[in-house]
Amino acid sequence: MTRALICGCLLLWSIQPAHASTAGPLVLSAGRMPAVARVDPRFQSYNVEMAEIVGGRFWAPYPKPGAAEDMTSAGSAGTLGFDAGLFRQRPPVDLANPRLRNLARALGQVYIRVSGSWANKTFFQDDDLPRIAAPPKGFENVLTRAQWRGVLDFAKAVDGRITTSFAVSAGARDSSGVWTPVEARKLLRFTRSVGGRIHSAELINEPNLGATSGLPAGYDASSFARDIAAFRNFVRREAPDLRTVGPGSTGETGVALFNSRGLATEAMLSAEPRARFDFFSYHFYGGRSQRCACMAPASAILPENALSEEWLGRTDKAFAFYRDLRDRYMPGAPIWLNETAQASCGGDRWAASFLDTFRYVDQMGRLARQGVAVIMHNTLAASDYGLIDEQGLKPRPNYWAAVLWRRLMGEVVLDAGPSRPGLHIYAHCLRGRSGGVAIVAINLDRTQPARVALAGAAERYMLTADQLSSETVMVNGRPLMLAGDDLPAIRSETVEAGHIALPPASISFLSAPRAANRACR
């Protein structure tokens, strides 16, 4: 084989962590990596919470450095039964903001999930009158036509498809407690009347949390089965093109959001009549944020553990649990992780820093390889786990990683071989380049570099930060910052064949357009 063929077609990689000298080199051939999965074209998606749309109480961001902090009780119960001091009342989000739309467009095709437990209790005011002063009995929030039209316009502007959920609280039930589709019908018909479309819908956000999610007291597996049967019948009659999503459960793999894990998903899925969905969904948070950890201190995640194998591996534990349920109750249904972030209850302070970008990228890499079709990050721009800081709409480190993922990582997932402790490698076909391969190499070691041996040249986008706690990230040593409302040019650097170093605590996206991988043609 000629040197030109090796450099231009096969692009061999020899990977050796600097701190794992006792292990033999991990040799990868970008041109020979087999395909192992295929993700949805809208694999990397996000949530815009219903609380943002209607102007509700959502997790209060932590104060900026130097600002006064008040995480104490406000003296009354807050939304979802939490202390009111954990929340902040916010005005409805401005989805027409030019900067927000520009930032969202750069993420490419997405699903925009408008849901959350607030959606479970939202009344749709189906007229053009001023917003009513208080929601009707049985509801807690009011969604106006203008607000929903804003969601539809935003989705159209950023190439998004809307997925949502419907009201299921007491106001959406008859005198016997049975769910009725009155609110869902109003929302669907208005959407069609203005030329919009809802791609898919859950009936209930996080039904396994019962009353915490706004469901009636005593809600059980039989109630769920009855509600889903009514929902499916409604969809068949009213909107046969609407795709159904569920069950959308959370907190069943060791880190529950609340003290009680509530209703078991297996019980819900095994009750008669059996629930069926077009997409099997689940939610996952690896821990609770500081706001809620007081309910179970062991669930808090310390920043010094943010790069640990145990922390990152919690993603696999949750996926294995829900994949087993999918395989037994809905074999073949695509799996959606349609709500996830650094930690529940708005995220920790470091959710907005480069430190969380390792989880963000690693989670996408490992779940894509295992067959998850879609991941929806919570949120686009609300609280500390948002991709974008809601105050000033400044992109956070996770946002810049999301842009690089979108530009480079295609839909075909390749087998890059097993990751090693401290060095995780994932590969996809290179987006937009037949035969090309994109690889992301994550060095989790905080002090030691890793070495990567390239047999051919590649383009590198290396993410680092001066400090892991920084909210400013650099690509190839240059800070990534907006130019007004527009994204800057994100320039790669050419790395020639031979050994290159992956600095401590770095994430490198590597583009090999001439890999000639047959799986990528």
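The values are calculated or read from the model by the stated rules, or taken from the named source; none is laboratory data. Note that this is a predicted model, so its numbers are computed, not measured. Glycine gets a Cβ as well: all are built from the backbone with ideal geometry, and neighbour counts include every protein chain shown.
Observations, loosely collected:
- When residues in region 213-249 are screened for being of a type in the set (Val, Ile, Thr) and either in contact with a Gly (Cβ under 9 Å, 6 or more places away or on another chain) or within 17 Å of residue 172 (Cα to Cα) (or both), 2 of them pass.
- Residue in region 145-161 that is closer than 30 Å to residue 271 by Cβ and in contact with a helix residue (DSSP H, G or I) (Cβ under 7 Å, 6 or more places away or on another chain) present: no
- Selected residue (criterion: nearest to residue 353 (Cα to Cα)) from residues of region 267-311 that are surrounded by fewer than 24 Cβ atoms within 10 Å (Cβ to Cβ) and among the charged types (D, E, K, R): 304
- Residue 360 aromatic (Phe, Trp, Tyr), at pLDDT 95 or above and either in contact with a Cys (Cβ under 8 Å, 6 or more places away or on another chain) or within 26 Å of residue 165 (Cβ to Cβ) (or both): yes
- Residues of region 426-453 satisfying the condition of being surrounded by fewer than 22 Cβ atoms within 10 Å (Cβ to Cβ) and part of a strand (DSSP E or B): 451, 453
- Leading residue by the ranking (modelled with the highest pLDDT) among those in region 56-97 that are surrounded by 12 or more Cβ atoms within 10 Å (Cβ to Cβ) and in a helix (DSSP H, G or I): 86
- Residues of region 299-340 classified as within 17 Å of residue 444 (Cα to Cα) and either outside the structural domain of residue 249 (by TED's automatic domain parsing) or modelled with pLDDT of 95 or more (or both), total: 13
- Among the residues of region 192-202, none qualifies, meaning not one is in the same structural domain as residue 151 (by TED's automatic domain parsing), assigned to a helix (DSSP H, G or I) and in contact with a Leu (Cβ under 9 Å, 6 or more places away or on another chain).
- Residue 145 being farther than 26 Å from residue 387 by Cα, of a type outside the set (A, V, I, L, M, F, W, C) and either in contact with an Asp or Glu (Cβ under 7 Å, 6 or more places away or on another chain) or not assigned by TED's automatic domain parsing to the domain that holds residue 374 (or both): yes
- Residue match in region 256-265 (condition: assigned by TED's automatic domain parsing to the domain that holds residue 227, touching a Pro at 6+ places or on another chain (Cβ under 7 Å) and at pLDDT 95 or above): yes
- Yes/no for residue 208 being assigned to a helix (DSSP H, G or I), under 13 Å from residue 275 (Cβ atoms) and in contact (Cβ under 8 Å) with a residue 24 or more places away in the chain: yes
- Matching residues in region 24-55 - criterion: being closer than 30 Å to residue 149 by Cβ and either of a type in the set (Lys, Arg) or modelled with pLDDT under 85 (or both): 42
- Taken over region 117-132, the criterion of being at pLDDT 95 or above and not aromatic (Phe, Trp, Tyr) is satisfied by 119, 120, 121, 122, 125, 126, 127, 128, 129, 130, 131, 132.
- Among the residues making up region 339-394, those that are assigned to a strand (DSSP E or B), aliphatic (A, V, I, L, M) and within 27 Å of residue 320 (Cβ to Cβ) are 341, 372, 373, 374, 375, 376.
- Hits in region 167-190 - residues which are out of contact with any Phe, Trp or Tyr (no Cβ under 8 Å at 6 or more places or on another chain), assigned to a loop (DSSP other than H, G, I, E, B) and of a type outside the set (Val, Ile, Thr): 174, 175, 176, 177
- Answer residue from region 463-488, given it is outside any loop (DSSP other than H, G, I, E, B) and under 23 Å from the mean Cα position of the chain (by Cα) and is farthest from residue 302 (Cα to Cα) among those: 475
- All positions within region 153-185 that are surrounded by fewer than 22 Cβ atoms within 10 Å (Cβ to Cβ), under 28 Å from the mean Cα position of the chain (by Cα) and closer than 19 Å to residue 131 by Cα: 183
- Filtered residues of region 407-425 (kept if farther than 23 Å from residue 107 by Cα and surrounded by fewer than 22 Cβ atoms within 10 Å (Cβ to Cβ)): 415, 417, 418, 419, 420, 421, 422
- Among the candidates 396, 349, 366, residue that is charged (D, E, K, R), buried (at least 24 other Cβ atoms within 10 Å of the Cβ) and touching a helix residue (DSSP H, G or I) at 6+ places or on another chain (Cβ under 9 Å): 396
- When region 139-155 is filtered for residues that are in a helix (DSSP H, G or I) and touching a residue at least 24 places away in the same chain (Cβ under 8 Å), the ones remaining, listed by number, are 145, 147, 148, 149, 150, 151, 152, 153, 154, 155.
- Test: residue 98 is more than 23 Å from residue 391 (Cα to Cα) and in the same structural domain as residue 59 (by TED's automatic domain parsing): no
- The listed residue being in contact with a strand residue (DSSP E or B) (Cβ under 6 Å, 6 or more places away or on another chain) and among the small types (Gly, Ala, Ser), out of 225, 201, 221: 201
- Filter result for residue 404 (over 22 Å from residue 247 (Cα atoms), of a type in the set (A, V, I, L, M, F, W, C) and surrounded by fewer than 19 Cβ atoms within 10 Å (Cβ to Cβ)): no
- Residue among 491, 460, 514 that is part of a loop (DSSP other than H, G, I, E, B), of a type outside the set (Ser, Thr, Tyr) and buried (at least 17 other Cβ atoms within 10 Å of the Cβ): 514
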